[in-house]
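First comes the structure, then the notes that go with it.
The values are calculated or read from the model by the stated rules, or taken from the named source; none is laboratory data. Since this is a predicted model, take the numbers as computed values, not measurements. Note: ideal-geometry Cβ built from the backbone for every residue, glycine included; neighbour counts use all protein chains shown.
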Amino acid sequence: DTGVSQDPRHKITKRGQNVTFRCDPISEHNRLYWYRQTLGQGPEFLTYFQNEAQLEKSRLLSDRFSAERPKGSFSTLEIQRTEQGDSAMYLCASSLRVVAGVISEQYFGPGTRLTVT
Amino acid sequence: AQRVTQPEKLLSVFKGAPVELKCNYSYSGSPELFWYVQYSRQRLQLLLRHISRESIKGFTADLNKGETSFHLKKPFAQEEDSAMYYCALEPTNKLIFGTGTLLAVQP
């Protein structure tokens, strides 16, 4: 499977613990996005990278959240001191920016479902 | 504010009936609009984007800037069309999704 992969697929954690999720984009894609989806809602943008640079962060991304893409390939999303409100599906997507203004579609991973108890 | 509205949470139709999934957007610039679909136990995937003006799986969507709408249509629904459909706007570098409409096609 050469699509976007995410690990783990499911995570159950206790409130106050830290969790880290990993996303592996499609190999030639230079853009990587993180979204969060709660029940009954569409995905909400969290942040995106172009290569290793984090270019935009949503105000949804509180100080407890941090994302990295150290070598411009895979990315990690860490949530510190988890809260019950963090329970959601965390989606990763990737795309290819070819030239200025031309961006391929975003391809989504299967998501990581986080449950905070 | 940039926003996408999908007024129907659920649309139930019979096989062979026409389908229209509504989408309205709020954006002051020139919009890039998409329909994404999520079949049961599958990942979110692109169905169509307005700039390509394609028909995918019999679905079409026309951008109406006057009404700020991008409704998804199919003349004859099939059972395999049952899925969650999301309309999305791409103002700059990110997608803004609506809340989605669950399409249920009854046999």
(request) Identify the residue in the stretch A:77-107 that is part of a strand (DSSP E or B) and polar (S, T, N, Q) and, among all such residues, is nearest to the other protein chains (Cβ to nearest Cβ). (result) A:S95
(request) Mind counting the residues in the stretch B:57-105 that are within 20 Å of B:N24 (Cα to Cα) and among the charged types (D, E, K, R)? (result) 7
(request) Determine which single condition A:P110 fails, assuming it passes every other condition in (1) in a strand (DSSP E or B); (2) within 22 Å of A:P8 (Cβ to Cβ). (result) (1)
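Residue-by-condition table, conditions (1) under 17 Å from B:H50 (Cα atoms); (2) more than 14 Å from every other protein chain (Cβ to nearest Cβ); (3) surrounded by fewer than 20 Cβ atoms within 10 Å (Cβ to Cβ); (4) touching a residue at least 24 places away in the same chain (Cβ under 8 Å):
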position: B:T68; (1), (2), (3), (4): yes, yes, yes, yes
position: B:L72; (1), (2), (3), (4): yes, yes, no, yes
position: B:A77; (1), (2), (3), (4): no, yes, no, yes
position: B:Y86; (1), (2), (3), (4): yes, no, no, yes
position: B:P91; (1), (2), (3), (4): yes, no, yes, yes
position: B:L95; (1), (2), (3), (4): yes, no, no, yes
position: B:G98; (1), (2), (3), (4): yes, no, no, yes
position: B:P107; (1), (2), (3), (4): no, yes, yes, yes
(request) Please find, within the stretch B:71-94, the residue that is nearest to A:E105 (Cα to Cα) out of those that are at pLDDT 95 or above and in a loop (DSSP other than H, G, I, E, B). (result) B:H71
(request) Just one of (1) farther than 18 Å from B:Y86 by Cβ; (2) under 14 Å from the mean Cα position of the chain (by Cα) trips up A:V116, so point out which. (result) (2)
